[in-house]
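Read the structure below first, then the notes.
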Amino acid sequence: MSRKVCIVVTARPSYSRIRSTMLALRDLPGVELQVVLAASSLLDIYGNVAEFIQKDGFTANARVYNVIDGQSRLTSAKTTGLGMIELATVFDNLQPDIVVTIADRFETMSTAVAAAYMHIPLAHIQGGEITGSIDEKVRHSITKLADTHYVSTEQARDYVIRMGEPPERVFKTGCPSIDIAADVLNAPDLSADIFEKYGGVGHKLELSSGFIVLMQHPVTNEAPVARKQMDASLEAARRLNLPVLCFWPNLDAGSDGISRAIRIFREKGLDEHFHFFKNIAGNDFLRLLMKSSCIVGNSSVAIRECSFLGVPAVNIGTRQQGREHAPNVLHAGHDADEILAAISKQVAHGRHETSHLYGDGQSGPRIAKLLSEVPLETAKKLNY
C-alpha cells in the first residue's frame, strides 16, 4: 500500500519552503501525496499562493478557510483554534500516514496539535532555530509535538536534540527553499518583465541600474508600533536614490499597522520611485532578488535564500533575532537614518559569496526520501 504523506500549506512562505519536497514526493513510487491548503494560502489579500500551487500541477485534497479577519493577537488565537477544529476533520477524512508541518507561523500550530491528538505521526520542517517574536514559542512547541524533525543546520539539529528529542529522529537535511534558489542561479533576468507579469500598483520603474526590495512583516509582541516601524523603513527607502519594489505584509498581528503605513505613504505622494506587490511566485521572487541591489526588512528570505544567492540584506528589528546568518546580512534598528546607512553600505558592497549555511540545493529530495521511509511512530519520551 502507498504511504499517504499529507502536507499542510498555510501561508506564502510555507510553500517556498516545501515546494521541492512536494515535487520529489510526487515522483516517488509508493507515496501518495496529499495537499491541504489552509489559512492565508487561500486568500487573495495575501497573494493567494494556492494559484501558484495549482500552476505547479498539484491538486488540493482539502481547503480550510480558517482565517478570522482583524490581524490582531485575538484573531491570531481564534484562527489557530478554528484551524485545529477544521484540520481534525480533514485528517479524519484523508486518513494520512504522516502529516508534514512547516516552520513556525502561528497557523502551523493548528496542524501540529490536530495531528498529535489524532496520533498521526508528525514531521516538522525547520525546527531548532532561534528568532524573536511568538515564532520562537510556536517553533519549539511544534518540536515537542513532532515525531520526526528535518532541520536546516547542524546547530538547529543540536538544539532539537538538547530539547530532549531522540537523535535518530532528527535529520539535518538543509532548507528546501534553498533548492529554489539553486534553480534560479542561472535563470534569466525577470526584472524588466515584472510589471507586465504581476501588475501590482504604483509607478512603472526603470530597474536596469539597480533597485531594492522592501519586505517587512509585523512582530507580534510589537504589534502596537508596527506602523511606526514601517514608517521608518519607508522613509529610509524613500531617501535612497534607487527604485523600490515593496511587498505587502503577512497576516500576523500588527499587519494592519504596516498596511496602513503603506497606504498613507502612497496617499501622501511619497511613492514616486516605489511599486507595490501582493505576491509573486517563489522562483520569480528569487529571480528578482538575484538582480536586486539589496533586500530590506525582516523576512527570513534575506537570511536563508539570500545567503545562498549572495544578495546583500539589511535585517531590521527583532523578528529574526538570534537566527544563524551568513556575512550577507547587516542589522539595523527601527530608525530611518540607521536603516539608510546600512542599505547604503550594502549597495556599495555589492554581491557576497555564496553560503551553504542553510543547504546545498538538494534538501527537497532528501526530505522526501526520509518521509517515504521513516518509521511511523507516535510514542515518544524525553531523551535525557
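Any read-out appearing in this document is the output of simple, stated calculations on the displayed coordinates, not a laboratory observation. Values in this document were obtained by computation on a predicted structure and should not be read as measured data. When we count neighbours, we look across all protein chains shown, and the Cβ atoms used for this are built from the backbone with ideal geometry, even at glycine.
Taking the Cβ of Gln126 as the center, what net charge do the other residues with Cβ under 11 Å away carry, scoring Lys and Arg +1 and Asp and Glu -1?
Values: positive: Arg17, Arg105, Arg139, Arg304, Arg323; negative: Asp104, Glu129, Asp135.
Here the count lands on +2.
Rg(Cα) of the chain divided by 2.2 N^0.38 Å? Could the numbers behind the result be given before it?
Working: Rg = 20.0 Å, N = 384, 2.2 N^0.38 = 21.1 Å.
This ratio for the chain stands at 0.95.
Report, in whole Å, the centroid distance computed from the Cα atoms of the stretch 333-356 and the stretch 42-60.
About 32 Å separates the Cα centre of the stretch 333-356 from the one of the stretch 42-60.
How do 109-120, 189-200 rank on mean C-beta neighbours within 10 Å, highest first? Spell out each step's value before the answer.
Details: 109-120: 21.6, 189-200: 15.5.
Output ranking for 109-120, 189-200: 109-120, 189-200.
Using Cα-Cα distances under 8 Å and only pairs 6 or more residues apart, what relative contact order does the stretch 183-349 have, in percent? Numbers along the way, then the final one.
Values: 306 pairs, mean separation 43.6, N = 167.
Relative contact order, the stretch 183-349: 26 percent.
Output needed: percent of Cα pairs per 10 Å distance bin for the stretch 250-384, bins running from 0 to the one holding the longest distance.
Using 10 Å bins, I get a P(r) of 10, 30, 33, 16, 9, 2 for the stretch 250-384.
For the stretch 240-264 and the stretch 112-175, what is the centre-to-centre distance using only Cα atoms, to the nearest Å?
Result: 31 Å between the Cα centres.
Would the stretch 183-349 count as rounded, prolate or oblate if I go by the C-alpha gyration tensor, calling it rounded below 1.5 in a/c and otherwise prolate when a/b exceeds b/c, oblate otherwise?
It is rounded, given that a/c, with a ≥ b ≥ c, falls under 1.5.
Taking Rh as the Kirkwood radius computed over C-alpha pairs, what is the Stokes-Einstein D of the stretch 79-155 at 37 °C in a medium of viscosity 0.692 mPa s, expressed in µm² per second? Intermediate values should be presented prior to the final figure.
Numbers: Rh = 12.4 Å.
Once the numbers are plugged in, D ends up at 264 µm²/s.
If you count, for each residue, the other Cβ atoms within 10 Å and average over each peptide, how do 287-294, 315-322 line up from highest to lowest? Don't jump to the answer; show the numbers that get you there.
Working: 287-294: 22.9, 315-322: 20.9.
Ranked by mean Cβ neighbours within 10 Å, highest first: 287-294, 315-322.
Per q in 0.09, 0.14, 0.15 1/Å, what log10 I(q)/I(0) does a Debye calculation on the alpha-carbon atoms of the stretch 1-153 return?
-0.25, -0.62, -0.72
Under 1.5 on a/c is rounded, so check that first for the stretch 27-98, then, if it is not, pick prolate when a/b is larger than b/c and oblate when it is not; a ≥ b ≥ c are the square roots of the alpha carbon gyration tensor eigenvalues.
Oblate, since a/c reaches 1.5 and b/c is not below a/b.
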